[in-house]
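Reading through the structure tokens given below for one structure.
The values are calculated or read from the model by the stated rules, or taken from the named source; none is laboratory data. Nothing here was measured: the structure is a model prediction, and the numbers come from that model. Note that each Cβ is placed from the backbone with ideal geometry, even for glycine, and that neighbours are counted across all protein chains shown. Keep in mind that these areas ignore ligands, DNA and RNA; they rest on the heavy atoms of the full protein, side chains included. Shrake-Rupley method; radii C 1.70, N 1.55, O 1.52, S 1.80 Å.
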Amino acid sequence: MNLSIKQELENRYEKEVWIDSTLGESLESLASKFQDKIAVTFDQVDYSYEDLNDKANRVANGLLKMEFKPGEHMVVQLPNSYEFVTIVFGMFKAGIIPIFALPAQRKNEIYGILQNSGATGYVIANSFMGFDYLSLADEVIEMGYKGKILVSGDSKTFLSTKDLYQESAEVLIENISPGSIALYLLSGGTTGVPKLIPRRHGDYLYMASQVAKRCELDENSVYLVSLPVEHNFPWGCPGVIGTLLAGGRVVISSVSSPDEILSLIEDEGVTITALVPVLANMCIDLLEYDDFDLSTLKVVQIGGSVLDPNLAIRIEEGFGCILQQVFGIAEGLICTTRLEDDDEVRFYKQGTPVSCYDEPRIVDEAGNDVSVGEFGHLITRGPYTIYSYLNGEKECVDEKCYFLTGDRARFCEDGNIQVVGRLMEMINRAGEKIDPTELEDMLISHPKIEDVQVVGIKDDNLGEKICVFIRDDEETLKLNEIRDFLITNKVAAFKLPDQIKYVSDWPLTNVGKINRKELKKMGEIV
Ligand code: OOB
């Protein structure tokens, strides 16, 4: 990476683009502007902007009293709750940097994160969804973690988050600059220890407010957090941060289940929520045999993985509102469709970057820009995209500071981007490259297939072979029927599947994306 290019970009962003504030200061001014207006609803209780600010101040003072120091790292692994928001804002105010771990993460990942970050604190709930986090805390201590542990709920051995709120609510904002690190998000890998993504106050505020503009949020907006809140999508795209900046209300669902989500939309008059495709599909299945009044809903954002256009259409019909596609990476770049885009764009494309300072490019293997309409590697730089992970792990940008997304995408004639999958997911069968999405798009049009994934499975002779996974309780089609169907549709012989498997449910990642690495493993089992 060329450091002088980086410096030039940074100077410009700082001067022209970033919001000149910190997350803590922003909450302070939102509280004086919106006062007793409801900021957050959780578990049927409403909390005002002033309440959130007051609690954040208490937490900030409480943390410093517990001898956490500004600049230190704390891993936060809490379930979706109001407390997550108050604690994290308390950290922003005290200058302590939260690392957003997911409740679904376990011993090896958590210990890896604690160790890589040198965290001095680890915040957990005592238990959630039947899992005992106190035992997890014992395990990471056994593995060598030496920092403090704070528990929400009962615990005999560890510190309690309740003690944080005892301290005075006097305003406290450590001397933090908008360009300093506010939080660490986790990279979206499906195995191994996730990399830590540093996001800064000014860049995060800027991104969230840009996405909020795209979603046309205002003081009447009611945003439902349906996904795990630690994920970039529900936290900042526009998520919690963008909604608060617009003066709206955030409703928090404690679990990502269709019945909880649909009930909350009805009960709380939700106007916008964000889902991953699999979860949206589950909601639509439920809507087919259960009635919910979703009339307040204006926008359903879908992102996180490739959305099949047939599902896109069903989402608008099922939810009775506008679909907004969101392509995003925790490392930065966010692209969305606009609410007024036509069907062609809303159903098939992922829109345009939320900032005119974003510089996405599509390049070939040699790093040269490809023409409009051609697929290639999506790389990008911009005011809220990172240049490196914590500890500089692995070079993730090129010489000119473009972040390498690893996604295969193209620019369409109309300027919208279309992301079709991961570059590495191209199946390499005896040297021939096969794009799994091409087969998936074709197979989904078969009347007996409702949900399908195509993955490459390791094979001694071919390198990789093509495996079709169909989600269905019954085995309705045989391999030769699928091959015949593809042949009728003029698919080249080298792209014909070698294997077919049925599953009743997809294996999912921590945030509910289809876990394709797990599918590969399942495909290898004969
Ligand atoms: C979001 O962020 P991450 O960091 O968990 O995952 C990023 C990866 C992308 O590189 C891409 O492979 C995939 O997830 N992805 C999509 C997509 N949105 C994300 N692939 C196809 N279509 C889309 N719409 O997943 C994320 C962060 C902020 C907002 C939304 C999603």
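A few comments on the model shown:
- Phe375 vs. criteria within 15 Å of the ligand (Cβ to nearest atom), open to solvent by 40 Å² or more (accessible area, probe 1.4 Å) and either among the aromatic types (Phe, Trp, Tyr) or modelled with pLDDT of 95 or more (or both): yes
- Hey, Val354 in contact with a Lys or Arg (Cβ under 6 Å, 6 or more places away or on another chain), among the aliphatic types (A, V, I, L, M) and within 12 Å of the ligand (Cβ to nearest atom) or not: yes
- Of the strands (runs of 3 or more DSSP E) lying entirely inside the stretch 29-78, those containing at least 1 residues that are closer than 24 Å to Leu185 by Cβ and in contact with a Phe, Trp or Tyr (Cβ under 8 Å, 6 or more places away or on another chain) are 38-42, 73-77.
- Residue within the stretch 34-42 that is in contact with a Gly (Cβ under 9 Å, 6 or more places away or on another chain), outside the structural domain of Asn391 (by TED's automatic domain parsing) and open to solvent by 10 Å² or more (accessible area, probe 1.4 Å) present: yes
- The strands (runs of 3 or more DSSP E) located wholly in the stretch 241-334 that include 1 or more residues which are under 25 Å from Asp51 (Cα atoms) and more than 16 Å from the ligand (Cβ to nearest atom) occupy 249-252.
- Contact map, the stretch 408-432: residues that are under 18 Å from Glu374 (Cα atoms) paired with residues that are of a type in the set (Phe, Trp, Tyr) and within 9 Å of the ligand (Cβ to nearest atom), Cβ distance under 8 Å, separation 6+ or inter-chain. Pairs shown: Ile417/Phe327; Val419/Phe327.
- Test: Ile149 is within 17 Å of Val76 (Cβ to Cβ), among the hydrophobic types (A, V, I, L, M, F, W, C) and in contact with a Ser or Thr (Cβ under 9 Å, 6 or more places away or on another chain): yes
- Tabulated pairs, the stretch 91-107, first of a type in the set (Val, Ile, Thr), second open to solvent by less than 10 Å² (accessible area, probe 1.4 Å) and assigned to a loop (DSSP other than H, G, I, E, B), C-beta under 6 angstrom, 6+ apart or interchain: Ile96/Phe68
- Just one of the listed residues (Ile500, Ile444) is without any contact (Cβ under 8 Å) to a residue 60 or more places away in the chain, outside the structural domain of Asn80 (by TED's automatic domain parsing), of a type outside the set (D, E, K, R) and under 22 Å from Arg422 (Cα atoms), and it is Ile500.
- Test for Gly202: is it on the phi > 0 side of the Ramachandran plot, open to solvent by less than 10 Å² (accessible area, probe 1.4 Å) and not assigned by TED's automatic domain parsing to the domain that holds Thr296: no
- Scanning the stretch 463-483 for residues that are under 14 Å from Val503 (Cα atoms) and of a type in the set (Asp, Glu) turns up Asp472, Asp473, Glu474, Glu475.
- One residue stands out in the stretch 252-281 among those that are among the hydroxyl-bearing types (Ser, Thr, Tyr) and touching a strand residue (DSSP E or B) at 6+ places or on another chain (Cβ under 9 Å): the one that is farthest from Ser81 (Cα to Cα), namely Thr271.
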